[in-house]
Structures are given as C-alpha cells and as structure tokens.
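Colleague: Quick one: structure below, then a few questions.
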Amino acid sequence: MRVLVITQGEYGKRMLQNLHRHAPANWDVSEWQAPPDLPMVMDYPEDYLPKSLPACDLILALGENPAVAELIPEVAKLTVARSVIAPVDRSEWLPKGLARQLETWLKGMGVSAVFPKPLCSLTETTYNVRRYSVDYSDELIAEFARHFGRPRFRVDVDPARKIIVSAKVERDAVCGCARYIAEGLTGISVEEAEFQAGMLHHHYPCLAAMGIDNDFGDTLMHVSGNISKEEVKSQVAPYVTVQYLTPQGRVETSAFGDPNAKSGRGQGAD
C-alpha cells in the first residue's frame, strides 16, 4: 500500500517517524510537507501545491491548520488517491463543519474519507467513541487500521503472582503511544495495570488536545487515554480480584429476614 502523509509541524512529523519505523515492509510511506503559513481563504488551492506528488492509495492528512483540509481534494487529484484519513486530534485544526464539507467534496470525487476523533479511535470498521461512533467500509483504510489506530494489546499474566510478565502490541497508535505503554506494563500488578496505563499514556505524552471538547465534555487527551486504559483493563480483567464492601453495622439476611438462615426455604419447610 502506498501512503502519503501530509505534515505541517511536529505533530505530523512524530507520527510519520513511527510509521517509518513500524509500518509493514510492503508499504511505501512518503511525505508532503504543507506550507506552514497557509492563508485561511484560498481562491486557488492548487497554487499552494507542488507541480507533482508521488502517486498513492491512501492520504493521511496531519495538518495543523484548517487550510490544509482545503488542499486535500487537490492532493487526491494529483496522487490519484482513493482513500483519506483526516483525524481530529484538535478541533481547531479540522472543525466539524469543514470536515463535513471535505467529506462531501471527496465523495463527489469517488474518494472515501474518515475523520477519527481522536485518531487512536480508528478500527477496521469504525471510528470515534461513545455515541459518536461511526461505521465505515473501505479496504484501504481498514488495512491501515489493522496496524495503526485504536491500541490493541496482548497481555500475559503470571496467575500465581498476578503480575504482568509481558505486554505486546497488536495494533499501535499512529503516534507510537501504545508501544510505550506496553513497555511500561511489564512487572506491574494486574490491580494497578489500568491506572498505570493511563499514567504511561500521559507521560508519552499524548498529542491530542488538552482543551475541553464540546462533543465529549472532556479533553481529547483524556478520551485517548481512556481508550488505552479500557483495552488494558479488558486484558487483565480475568485476574483482578473484585472486592465488595459491607457497610459497618449491616447484617446480611436471607429473603425471610433471618440473619442466621441459610439460602433456600430453610429447615423444616415442605
């Protein structure tokens, strides 16, 4: 698969570096660095593009300015791309209205597009989280998401000691955060694993926005962190001891109100 990554600053560069390190050997990953000072209004978007770009199947648009989104249709024409991933890790970089407009433009060109918010919510069939989850069907985007998107781990636990002995990444986040989390989980008790996954996520650090997002009522950084925590939690759940607390002074009773009665109808009952 041929992937063209549009970068504009450190956000995109960091993800591109992770793709270069860990993308499948049969992928061809190239870069186009968009101008850093694009105007907000472009009458002729093609004036801001190079005369040629490498042909590709999939565009990963990691711009840090809404104007980059306006260039994507022209980039798709130049590269003959069939699919686009335009993540929303910061709403100010790709506002909701512009994303809808971009989707319409690309659909008119016969180009599939997804807008994962955050990028690490992307799977082979869906993107986004909670009630905002969106289904999609596109072979190229799904192929990308098999390797990069919503973190997926395989955690091995010593059941006797309830310690994580190894954690492997089955699907990395595009930024590489999942690999960092996996490395930090080895030797951690299953009781602490979910919390430590969240701490490791923040220490990486996450590239998503720290301002409150209107859709989630939370920061996209926290939404991203919860994705990783939930995945780790599901992996160690069979080994975690669930404790139930009984309020002081409370006496457990049977259905008949007798604290000494056994379950069932009791002795002598016919």
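Where a number appears in this text, it was derived from the coordinates with a stated rule and is not lab data. For clarity, every value in this text was computed on a predicted model and none was experimentally measured. Note: ideal-geometry Cβ built from the backbone for every residue, glycine included; neighbour counts use all protein chains shown.
Colleague: Mind checking the angle between helix 96-108 and the chain's longest principal axis? C-alpha axes, 0 to 90 degrees, to the nearest 10.
Modeller: Orientation of helix 96-108: about 60 degrees from the principal axis.
Colleague: Of the labelled options (1) 198; (2) 127; (3) 143, which one gives volume of the Cα convex hull per residue in Å³ as computed for this structure?
Modeller: Derived directly from the coordinates: (1).
Colleague: Want the number for Val80 to Met40: 0.36 nm per residue separation, take away the alpha-carbon distance, what's left?
Modeller: 11.9 nm
Colleague: So, one more: Dipole magnitude of region 2-145 about its Cα centre, charges +1 at Lys/Arg Cβ and -1 at Asp/Glu Cβ only, in debye to the nearest 20?
Modeller: 360 debye
Colleague: Can you give the charge dipole size of region 152-238 about its Cα centre, rounded to the nearest 20 debye, using +1 on the beta carbon of Lys and Arg and -1 on the beta carbon of Asp and Glu?
Modeller: 280 debye
Colleague: With the crude spin-label approximation of a point 7 Å out along Cα→Cβ, what separation in nm comes out for Glu92 versus Lys13?
Modeller: Result: 2.0 nm between the two label points.
Colleague: Between region 174-207 and region 1-51, what is the C-alpha centre distance in whole Å?
Modeller: About 28 Å separates the Cα centre of region 174-207 from the one of region 1-51.
Colleague: How much length is gained on full extension from Glu191 to Lys168, taking 0.36 nm per residue of separation minus their Cα-Cα distance?
Modeller: Once the chain is fully extended between Glu191 and Lys168, it gains 6.4 nm.
Colleague: How far, in nm, would the chain grow between Thr241 and Lys107 when pulled straight, counting 0.36 nm per residue and subtracting the alpha carbon separation? Mind dumping the intermediate values first?
Modeller: On the way: separation 134, 0.36 × 134 = 48.24 nm, distance 4.98 nm.
In short, 43.3 nm is gained.
Colleague: What number results when the radius of gyration of region 94-193, computed over Cα atoms, is divided by 2.2 N^0.38 Å?
Modeller: My calculation over the Cα atoms of region 94-193 gives 1.37.
Colleague: A further question on this structure: For the chain, build the charge dipole from Cβ charges (+1 Lys, Arg; -1 Asp, Glu) around the Cα centre, then report which of Phe153, Val84, Gly176 sits farthest towards its positive end.
Modeller: Among Phe153, Val84, Gly176, the one farthest towards the positive end of the dipole of the chain is Phe153.
Colleague: What is region 2-145 by shape, rounded, prolate or oblate, if you read a ≥ b ≥ c off the alpha carbon gyration tensor as root eigenvalues and call it rounded for a/c under 1.5, prolate for a/b larger than b/c, and oblate otherwise?
Modeller: rounded
Colleague: Additional query: So what's the projected area for region 152-238, the Cα convex hull averaged over all directions, in nm²?
Modeller: Taking the Cα atoms of region 152-238, their convex hull projects to 5.4 nm² on average.
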